[in-house]
Amino acid sequence: MTSKLPIFNWKKSLVEKVTSTGKLYGLVLAGGKSTRMGKDKGLLNYHGKPQREYLYNLLKVCCNKVFMSVRKEQAQEFSHEINLIVDKNLYPGPFNGLLSAHHLDKNAAWLVLACDLPLIDEKAIKQLVLSRNATKYATAFKSSKQSFPEPLCAIWEADGLKRAENYLEEGKLASPVNFLLNNDVEIVKPVQEDVLLNANSEEDYLEIINKLKKLKENRYIRQTILKSFGEEAQEKLKQSAVLVVGAGGLGIPVLQYLNAMGVGTLGIVENDIVDLSNLQRQVLYAEADVGLPKLEVATKKLKAQNIETQIKGYPTYLSNKNALEIIKDYDVVVDATDNFPTRYLINDVCVMLEKPFVYGALHEFEGQVSVFNYRGGPTYRCLFPTMPGRGEMPDCNENGVLGIIPGIIGNLQALETVKIITGIGRPLSGKLLIFNGLQQQYQQIMFKAVKENLHRTQLETNYEEVLCEMDDLISVIELQNMLNSNAELQIIDVRTSEEFKNFNIDSSYNIPLQELSRRKHEIDTSKEVVLVCQSGIRSAKACKYLKEQFNRNFRELEGGINKYLKNAINI
């Protein structure tokens, strides 16, 4: 088969430009068992030939050598004219064939095609080659369900495969698919298809590469033309790494603006799922995302916003067991949790690692912003020495928050982060900025460093105040089972009467927390008593009080009504 497209007439110069060794080999993956490579294993009729053979001949046009990756039992199906690589079962997953090929020649770059991929024809190959950067990796194809490029239709450099294999051997990755998803390689977004397909010479190819570079430069031109910002500050953003703890009301605007402005690496710590109640303030998420992991959705949409950003996700909650390891690789930490225990943990880790962190907090129509541990400045404990009790903590799940307030405070946090990284302006170190949304007022409170809070050698063993023992907590499923079994049970809802009328669990009884002391005689202590509130804060306080009054155990619904409703939606 010969190509009618002029691009392949200069194969030699093309190979020299897209590989570091001058070797560009083609590989057709025809031996996989996964549906990604087709249930028919490439035998589907495709342009008058079995697809696997069609792809093999297609690769001959632009590659130095071409191979077919197959399983051992398939080898007899092919003629002696086809170069075969028998899978060595090096690693599980669809890239077993690619790694087997890499072992054949570890200095070669591989142009990889898998059976049953859409749009595979001469123009598509041309677009694939032209859309990739001269020193990194990319592809012109994307799945309709995923924002990342299709890893089985890509050019893989030799050093990239070597690094992927090292990760696999260290047990850090399940397969090289994760290697691509973890952004250890740079993906270059293709320019318009009509521009790519009109490249008919080496000069056209170089012009397109230059256009790609120019588009990259123009992306941030509104920032770089600022006299007090410029290219130098933009480069600082590119080289920086920022960890955002929480992808909720505060974290979303922080992530979106830092991503748009060109921060090189964004880390996201988040282990929650999207809830319908999130949508009025967490504007990155949509109704279709309800029930999906926030980290998964945020990562996908942030990559669609700026493909140049390296995004690292941590599907966990920050704790004293993982915080030091996670935070150590970042320049700035943004506290977007609006959670006291996590905030004190972040502060202590940042003091130990000498890293600044940007604070944001919300309460109804108000918000606060500050910068802690910046160049020897005050820490969070200099302003708030001790953690408030769990029942004393303001929480938007309990008290509510106007949807726009997190956006305002999150944007102010993003601004402080940019100032820290680039050195422009004066960060809010030693200053607490308080915003009142109803009055549209800002005020600053000055505070000084406290010497004993500026140094720390170890973390605390526990950052949570224990009001009820773990044995006193009852899960939503356990409660549902008890209700279904008609157990001797009394559910006491300690929310306000208005909240109770809006929604309540069947057979529950309302005694608002503020009335508990004078109405505690209404509790039937002969039964199992389960305390319920909106998120678990008020029920924990009620649990502690009642245990002291009756000298017996009380149960507390873990996560409160919020978790109860979430579980009902998932069911």
Burial-style ranking of 445-456, 351-362, 231-242, average other-beta-carbon count within 10 Å with highest first, yields 351-362, 231-242, 445-456
How much length is gained if the chain between Asn551 and Asp329 is pulled fully straight, taking 0.36 nm per residue apart and subtracting their Cα-Cα distance, in nm to one decimal? 75.1 nm
If I take every Cα pair under 8 Å that is 6 or more residues apart in the range 317-445, average their sequence separation and divide by the length, what percent do I get for the relative contact order? 25
Descending accessible area (1.4 Å probe), largest on the left, turns Asp493, Asp87 into Asp87, Asp493
Above-threshold pairs, the threshold being 20 Å between Cα atoms, out of Lys49/Lys106; Lys303/Lys328; Lys520/Lys563; Lys238/Lys312; Lys236/Lys451; Lys238/Lys303: Lys49/Lys106; Lys303/Lys328; Lys520/Lys563; Lys236/Lys451
Hz values of 3J(HN,Hα) by residue in the range 360-369 - Karplus curve (6.51, -1.76, 1.60), Gly and Pro given as x: x, 9, 10, 7, 6, 9, 10, x, 9, 9
Rounded to the nearest 10 Å², what accessible area does Ser277 show when all protein chains are kept and the probe is 1.4 Å? 70
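The values are calculated or read from the model by the stated rules, or taken from the named source; none is laboratory data. Everything numeric in this text was worked out from a predicted model, so none of it was measured. Note that each Cβ is placed from the backbone with ideal geometry, even for glycine, and that neighbours are counted across all protein chains shown. For accessibility, only protein heavy atoms count, side chains too; no ligands or nucleic acids. Shrake-Rupley method; radii C 1.70, N 1.55, O 1.52, S 1.80 Å.
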